[in-house]
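Below you'll find the structure, written out as structure tokens, and then a few comments.
The values are calculated or read from the model by the stated rules, or taken from the named source; none is laboratory data. Note that this is a predicted model, so its numbers are computed, not measured. Because the Cβ atoms are built from the backbone with ideal geometry, glycine has one as well, and the counts that use them run over all protein chains shown. Calculation scope for accessible area: heavy atoms of the full protein, side chains included, ligands and nucleic acids excluded. Shrake-Rupley method; radii C 1.70, N 1.55, O 1.52, S 1.80 Å.
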Amino acid sequence: MTSQSHRLKTGGHIDRSKAISFRFDGRAYTGFAGDTLASALLANGVMLVGRSFKYHRPRGIFTAGIEEPNALVTMRSGARHEPNLPATKIELYDGLEAFSQNRWPSLKHDAMSFVDLFSKAFAAGFYYKTFIGPTQGSWMLYEKFIRKAAGMGDPTTQPDPDRYEKANAFCDLLVVGSGASGLASAITAGRAGLRVILVEDDAVPGGSLLAAANDPKSAGWLTAALAELAALPNVKVMTRTCAFGAYDAMTFALLERVSDHQKVPAPHQPRQRYWRVRAERAILATGMIERPIVFGNNDLPGVMLASAARTYANRHAVAPGKRVVVFTNNDTAYAAARDLRAAGADVAVVDARARISAALAAQTTAAGIAVHLGCAVGRANGGRHVRSVDLVPIDLRNPQRSRIRQRLACDLLAVSGGWTPTLQLLGQRGSKPVYDEKTAMLAAGKIPEGFDIAGGAAGEFDLTAKIESGVRAGLAAAAACDQAQAAQGRSLLEGLPAGTTTFNIEPLWLVPHPLNTRPKKRFVDLQHDVGADDIELAHREGYVSVEHLKRYTTLGMANDQGKTSNLNALGIMAGIRGRPIGEVGTTTFRPPFRPVSIGALTGPETGLHFRPIRRSPMHDWHLAQGAAITTTGLWQRAWYFPRPGESKSDAYIRETAKVRQSVGLTDVSSLGKIDIQGPDAAEFLNRVYVNGFLTLPVGRARYGVMLRPDGIVMDDGTTSRISEHHYFMTTTTAGAGKVMSHLEYLLQTAWTDLRVHVTSVTGQWAGMAVAGPRSRELLEKVITDIDFSDDALPFMGVCHGHAGDIPVRVLRISFSGERAYEVYAAAGYGQELWQRFHDQGKSCDLVVYGVEALGALRIEKGHVAGGELEGRTTLADLGLGKMASTRKPFLGSALMQRQGLTDPLRPQLVGLELAASEGTLRAGAILCDPATRYSRSFANGSPTLVNNASGASARDFTPGNGSGHMGHGIGFVSSVTYSPELKRNIALGFLSGGMARKGEQIDAVSPLNGELTKVRVTSPHFVDPEGERLHG
Amino acid sequence: MADIRSALGSVYKAGPLGTPRDFPGVTLQEQSPRNLIQLSGWPDSFGAICESIAARLGIRVPVDCLTVTTHDDVSILRVGPTRLWFVCGASSARVRAFTETLGAGDAVTTEIGHSRTVLRITGSEARTVLNRGLPIDLDDRAFPENVFAQSVIHHIPVLVHRLPSSDGPAFDVYVSREYAVSFWEWLVEAAAPLGGRILESA
Amino acid sequence: MLRITCPYCGERDYVEFGYGGDAENTMPELSDTDIGRWADYVFFRNDPKGEHAEFWHHQHGCRQWLRVVRNTVTHEVISVRPASETDAPTQGKQVEVA
């Protein structure tokens, strides 16, 4: 372990009694509780922490916060390995393991750093220019190499072992940021009785107060404020929580890093929690972020923001340098200079302004700090660390290239080019910031309804001004929430001296290259390696709009989203164009404000909870019997019931055959079931279904098809009349939700005159079908109070009775074509009733069958289902044209007659079977006319397709397909099965010309499988076309 | 009568849940099957129906779709503008006797008791666990006792009823039966970090 | 992340609602056999920049269809009323339904 060579002896918000060991690139170090990874590395004198994205230049720690562009590291290992995390935001914990990125074989000796020498070739627009035209093909060749060279950390490929949570919260006021103004807002609103949520991205509240020199007055203020907040039960303080999105209707997205500061989450605890907060009001007390000035070699390790250097010294008790140059164009950096001096460093200030106030000059000189006025840092010098800076004289009214005047040795260059209020959340709501010339800031524009800003976000620098603005915003929020009760409590300004903080900025974006030197790279966006030259290039090539500039150079598009670079880019572009910055415009802010892991957004909805599952009342029985399960929408259904050693096709073929031979039992609980009642129920059904329902007698059921208003088939099912004004509708499993909403829509929007109520009773009823020649025999054993004779319960009859003590509803309907019944019982009795059928079925040679056999049975009968009711087919396409009543209008009856739907060439339902003994039938295969098939010809030297019939030729653009067919074909295969009854593969499909082509041989082409299968067109009614078995 | 089989079947196991704590954060308990009778009327005559409910059953029908009114063991939830749920215990016969007097022109009724699984969630963290999925403000001011909301948790439709309780917040959650296992699995996982226990089914 | 104030249930999150499309066209009478009028109803839509009436279904709430006037630029919900009503919008206020 190394000693903490740069740790200060005293001060800071760290706990020296709690030493923490960690590893960076495999080497062991120690830090203290209260450190970030960045501060702990600095404490150990580690400044080089990564290589840059594009040019592999050495990079150090540049900031002390969320805006960090350079110090991205990979954390943890194995399945928890996570790349691209800013070291400035990682709390130190015992056993922490971090790795630098984008370097090989090591950080100090990176094989790819030669890229820097060829940087001109990789300027903005590199891809667009290099890989278009004749060189396009070379992209394939170089992509792998380029992707590897340019990039960041690698993600893990293992599943994430951690839990993530989602949560909802509600409040009157959301305060974002817990600096002085945020605390003042929360206390003020909390005193007035508002429900307040205060979120702080940092581990501890305090904001920039934590970075201030240890002044008893402000420290005391913070302690008192936190104590008062803790005592307010209506204020919830959330630390380690970032408000990253502001959405419609005052909805906010927060990311709470519950366990990121621990090695692994505690048992049951999530790693992160994604909050959705609905607030009446929001106060953004989000502070401001410092920006650098751009000069040659400004990316060297050892160059950092002045505010960051100050934070490390004051908050973390780390001296980030021993010989410090502070380069500034404003007063705020002088506080950093003084605090670094107080921490024991030699400090010089290089100020681009020609003059500063006498008070500031006196205070600085008194602290033993030399000030170089009217100077800029022309360039920094050093290899892997800054060793010196070259000063050039500068006139801020007209910056020109000039000779180097002086060289200052240093190991830290602290830069301040001004400040940018953090207004991204306002920007996400469409409020564009406005450039303020006086403060050289992008300040808040029109503040959206419900929002307010306070403190640094509102451009305040001074502590008392920040607190006053927080109090004002808190009172305004209370008034807006009708909580104008006098805020009780001491004045929040009590005991604080009047503010003296000054700013006095004179903008400087880019320092010209010193004369008589080789120009060094000047980086604007450190993370994406975008330099001032790239902006000049973009301008030369016409990308002058900021939105174009951003996309052409990728400036501001890295995961720091240009927090330290955007305004400098605007300033530089404005300078090139000779326009005021306000006219150049700004880019659009969109969520998220910081990177958010997909895991957090997904929350618990993975694996078992990927989506909810709907289960039949008999589901447990199926599982106990070893059923294979298939998914239909959200439903899990029994697919087939394999016996030991049986494959899927063994099982379903056995089940299918047995149903036709004796009797089968299958679960149809997933069918949509809708209770329809009211005096106008018959009229309603008559309007919804294509066939007549007015004449359906009580105790009878009818198959019905409903259309969408556009004339396409929506769904089908059976509806039975239970009593005069009471109907029981079934829908397909997949169509249930859609049909239910559709019926409600019609009743509530178009046909409000109908007195009808619809209720989904899908979950209320268990449903089971008993099918096969011996079905009646089985029913008679189980249900003893119903007369199952054909006279008493004919086909399509409905009746009620009991299976012992279980009330049942019995419909004599058939999907399989056999004599069959559907039996419904209240869901809680479903499994018991099923068991009784199963027990009694032993003497009837009963087979339990699943969805696959159900499908085989209905395909044999040519009954349509999901594969056919697929949202494009008409009644006529399905061969059901005759069902449509001509005596009444029904929904869809007008538009089903439109030209496109009555075209005789539309594909219509047909049966298909293999023409030869060999071949594969696949659902989804395209049906093609053999007469239009092309053959490959090499007659004229290049592969050409020649139409077999016409002799026309076409360029062969279908390599690997080989079917010789092109275009959309003349239809498609919708459902396939093996028919045990026919002992061959059969299919349903749609074919242009339909049954007129019966007997023809056509091609079924499956381009994905490279297959062409000869099929013969047949009737879709493969088995028992006369329907005699229904009565068997 | 055959027993009504719980939709939770074998996934329901009483016992401690998740992180051990001094006081269980969340207590979960499946409730016995409810008699749930839905009555639906039409705007022009619904007022009269409500009056006869008050007269015949002694329960005032709530004026909004948020409040629950209760008398003896019958509660009324107005789940739609002209739609009521009667949630009843032994008095279901009285309610059925009443609904049978109504003609289809006045109102229609549907039995839906088997379609819902009812779970009771109590404990100091009951709100926390519900809000892991429920986008409804459960604060005392916004969601006092005897208020209910129909909403969605983890894509599953739910009805959440805040019960009168002298012992911290208590909620009954009505979940569609076919989703009950999925909801339960979600609930148990959401509750585990808060600690608690699962009681034997009521 | 819209919030819609259901006239029956109060202000609710968008996850409870299903979008039901344009509410500015009226379905023709069923007895109307004119394909043109039906085609107008089904296929022809205004796509205004600004206020637009649309149907939303309070699917996971009271199952009522609502006519929501929403600004397509700002997403502001201007009014919500039951789809079955044709009188003045309720301006997002809770209404008694007794």
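Computed values, structure above
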{"quantity": "Between 0 and 90°, nearest 10: helix B:43-57 axis offset from chain B longest Cα axis", "calculated": "80 degrees"}
{"quantity": "Whole-Å distance, taken between Cα centres, linking segment A:871-915 and segment B:153-202", "calculated": "48 Å"}
{"quantity": "Sequence of A:Met557, A:Met796, A:Met47, A:Met152 when ordered by accessible area, the most exposed leading, probe 1.4 angstrom", "calculated": "A:Met557, A:Met152, A:Met796, A:Met47"}
{"quantity": "Helical mean residue ellipticity (222 nm; -39500 (n - 2.57) per DSSP H run of 4+; nearest 500) of chain A", "calculated": "-6000 deg cm²/dmol"}
{"quantity": "Volume in Å³ per residue [convex hull over Cα atoms, computed for segment A:622-716]", "calculated": "174 Å³"}
{"quantity": "Size of the B/C contact, given as accessible area buried on both chains, probe 1.4 Å, in Å²", "calculated": "1200 Å²"}
{"quantity": "Projected label distance in nm at A:Arg579 and A:Ser17, using a 7 Å step from Cα toward the beta-carbon", "calculated": "6.1 nm"}
{"quantity": "Test item: Cα-centred dipole of chain C, Lys/Arg +1 and Asp/Glu -1 on Cβ, debye", "calculated": "300 debye"}
{"quantity": "Candidate aspartates and glutamates for bridging to A:Lys236, where Cα separation is under 17 Å - those fewer than 8 sequence places away on the same chain excluded", "calculated": "A:Asp172, A:Glu200, A:Asp201, A:Asp202, A:Glu228, A:Glu256, A:Glu280, B:Glu125, B:Asp137, B:Asp139, B:Asp140"}
{"quantity": "Selection from A:Ala343, A:Thr328, A:Val318 lying farthest towards where the dipole of segment A:293-416 points positive, charges on Cβ", "calculated": "A:Thr328"}
{"quantity": "Furthest towards positive pole of dipole, A:Phe523, A:Asn381, A:Gln363, structure part chain A, Cβ charges", "calculated": "A:Asn381"}
{"quantity": "Above-threshold pairs, the threshold being 27 Å between Cα atoms, out of A:Lys658/A:Lys998; A:Lys446/A:Lys466; A:Lys882/A:Lys998; A:Lys89/A:Lys322; A:Lys322/A:Lys520; A:Lys217/A:Lys563", "calculated": "A:Lys658/A:Lys998; A:Lys217/A:Lys563"}
{"quantity": "Under 25 Å from A:Lys673, Cα to Cα: lysines that are on another chain or at least 8 residues apart", "calculated": "A:Lys738, A:Lys861"}
{"quantity": "Protein accessible surface hidden between C and A, which excludes ligands and nucleic acids, total in Å², probe 1.4 Å", "calculated": "2300 Å²"}
{"quantity": "Inter-centroid distance (Cα atoms) of segment A:843-870 relative to segment A:755-791, Å", "calculated": "18 Å"}
{"quantity": "Length-normalised contact order for chain A - Cα pairs under 8 Å, 6+ apart - percent", "calculated": "9 percent"}
{"quantity": "Viscosity 0.890 mPa s, temperature 25 °C, Stokes-Einstein D of segment A:406-549 from Kirkwood C-alpha radius, µm²/s", "calculated": "127 µm²/s"}
{"quantity": "Heavy-atom accessible area order for A:Ile722, B:Ile49, largest first, 1.4 Å probe", "calculated": "A:Ile722, B:Ile49"}
{"quantity": "Where N is the number of residues in segment A:20-85, Cα Rg divided by 2.2 N^0.38 Å", "calculated": "1.11"}
{"quantity": "Rough spin-label spacing in nm, given labels placed 7 Å along Cα→Cβ, for C:Asp34 and A:Thr156", "calculated": "6.6 nm"}
{"quantity": "Segment B:35-113 shape via C-alpha gyration tensor axes, a/c threshold 1.5", "calculated": "rounded"}
{"quantity": "Nearest-10 value in Å² for the accessible area of A:Asp248, using the 1.4 Å probe", "calculated": "20 Å²"}
{"quantity": "Test item: Cα-centred dipole of the protein assembly as shown, Lys/Arg +1 and Asp/Glu -1 on Cβ, debye", "calculated": "4560 debye"}
{"quantity": "Portion, in percent, of the accessible area of chain A that falls on carbon or sulfur, probe 1.4 Å", "calculated": "53 percent"}
{"quantity": "Value of Rg/Rh across the protein assembly as shown [Cα atoms, Kirkwood radius]", "calculated": "1.03"}
{"quantity": "Probe 1.4 Å - accessible area at B:Asp73, Å² to nearest ten", "calculated": "60 Å²"}
{"quantity": "Alpha-carbon centroid distance for the pair segment A:618-650 / segment A:544-608, whole angstrom", "calculated": "52 Å"}
{"quantity": "FRET efficiency, 1/(1 + (r/R0)^6) with R0 35 Å, evaluated for A:Thr902 and A:Lys781 via beta carbons", "calculated": "0.10"}
{"quantity": "Largest-first ordering by accessible area, 1.4 Å probe, given options A:Glu449, A:Glu683", "calculated": "A:Glu449, A:Glu683"}
{"quantity": "Gyration tensor verdict on chain B (Cα atoms; rounded if a/c is under 1.5, prolate if a/b is larger than b/c, oblate otherwise)", "calculated": "prolate"}
{"quantity": "Residue-level accessible surface for A:Cys410, protein heavy atoms, 1.4 Å, Å²", "calculated": "10 Å²"}
{"quantity": "Pairs of alpha carbons in chain C whose separation is greater than 25 Å (percent)", "calculated": "23 percent"}
{"quantity": "Point-to-point label distance, C:Asp47-A:Gln262, nm (Cα→Cβ direction, 7 Å offset)", "calculated": "5.1 nm"}
{"quantity": "Cα-based shape type of segment A:293-416, given that a ≥ b ≥ c are square roots of the gyration tensor eigenvalues and the cut on a/c is 1.5", "calculated": "oblate"}
{"quantity": "Cleavage-rule hits (GluC sites (Glu not before Pro)) in segment A:509-599: DSSP loop, at most 16 neighbouring Cβ within 10 angstrom", "calculated": "A:Glu541"}
